[in-house]
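The values are calculated or read from the model by the stated rules, or taken from the named source; none is laboratory data. The model shown is predicted, which means the values in this text are computed figures rather than measured ones. Please note: Cβ atoms are built from the backbone with ideal geometry, for glycine as well, and neighbour counts cover all protein chains shown. Ligands, DNA and RNA are excluded from the accessible area calculation, which covers all protein heavy atoms including side chains. Shrake-Rupley method; radii C 1.70, N 1.55, O 1.52, S 1.80 Å.
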Amino acid sequence: SPAFARSADVYTGTFSSLAVGGYDAVAYFKAGKPVEGAAAFATDYKGATWRFVSKENLDAFKANPGAYAPQYGGYCAWAVSQGYTASGDPQVWKIVSGKLYLDYDRDVQTKWEKDISGHIAKADKNWPSVLN
């Protein structure tokens, strides 16, 4: 039988090593919006490259990546709640209880928003086994 590779812990896209599409994960919390990071302020974490807009944001991430990295490795939160993975779009996001969540697109986010706490509970149970 064919062997299937485990999905990466952090979603980076097919031809990229950039987490969150190159956007600064800290900026969602500090600026309240997605802001593209710079190659000059980058670090590796969980096999992906994370970019930031400033040394301050880079240092904040390095000090506590779990506080800023999107849940479920940046995969779509709704998809993980349904038992599979799909790409997370850095432009389609929400902070809930101090945690960053990405969704596939606005339509999917609308589904997720109908029962955020229920979907988070399901996704938490499915994560990280959905990577296998």
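Some values worked out for this structure:
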{"quantity": "Subset of the stretch 117-132 [of a type in the set (A, V, I, L, M, F, W, C), more than 22 Å from residue 26 (Cα to Cα) and in a helix (DSSP H, G or I)]", "calculated": "121, 123, 130, 131"}
{"quantity": "The lone exception for residue 30 - which of (1) under 21 Å from residue 101 (Cβ atoms); (2) open to solvent by less than 70 Å² (accessible area, probe 1.4 Å); (3) of a type outside the set (Gly, Ala, Ser) it fails", "calculated": "(2)"}
{"quantity": "Sole exception among (1) surrounded by fewer than 19 Cβ atoms within 10 Å (Cβ to Cβ); (2) out of contact with any Pro (no Cβ under 9 Å at 6 or more places or on another chain); (3) under 22 Å from residue 61 (Cα atoms) for residue 91, by number", "calculated": "(2)"}
{"quantity": "Positions within the stretch 88-122 being in contact with a Phe, Trp or Tyr (Cβ under 6 Å, 6 or more places away or on another chain) and of a type in the set (A, V, I, L, M), in sequence order", "calculated": "100, 102, 108"}
{"quantity": "Number of the exception - residue 60 against (1) open to solvent by 20 Å² or more (accessible area, probe 1.4 Å); (2) farther than 16 Å from residue 98 by Cα", "calculated": "(2)"}
{"quantity": "All positions within the stretch 37-50 that are open to solvent by 60 Å² or more (accessible area, probe 1.4 Å) and in contact with a strand residue (DSSP E or B) (Cβ under 6 Å, 6 or more places away or on another chain)", "calculated": "41"}
{"quantity": "Residue that is among the small types (Gly, Ala, Ser), on the phi > 0 side of the Ramachandran plot and over 12 Å from the mean Cα position of the chain (by Cα), where the choices are 74, 83, 37", "calculated": "83"}
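Listed here are the residues, each with its yes/no results for (1) without any contact (Cβ under 8 Å) to a residue 12 or more places away in the chain; (2) of a type in the set (Gly, Ala, Ser); (3) open to solvent by 70 Å² or more (accessible area, probe 1.4 Å); (4) closer than 20 Å to residue 9 by Cα.
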position	(1), (2), (3), (4)
96	no, no, no, no
101	no, no, no, yes
111	no, no, yes, no
114	yes, no, yes, no
124	yes, no, yes, yes
130	no, no, no, yes
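Listed here are the residues, each with its yes/no results for (1) over 19 Å from residue 22 (Cα atoms); (2) touching a helix residue (DSSP H, G or I) at 6+ places or on another chain (Cβ under 7 Å); (3) of a type outside the set (A, V, I, L, M, F, W, C).
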| site | (1), (2), (3) |
| --- | --- |
| 32 | no, no, yes |
| 38 | no, no, no |
| 55 | no, no, yes |
| 111 | yes, yes, yes |
| 114 | yes, no, yes |
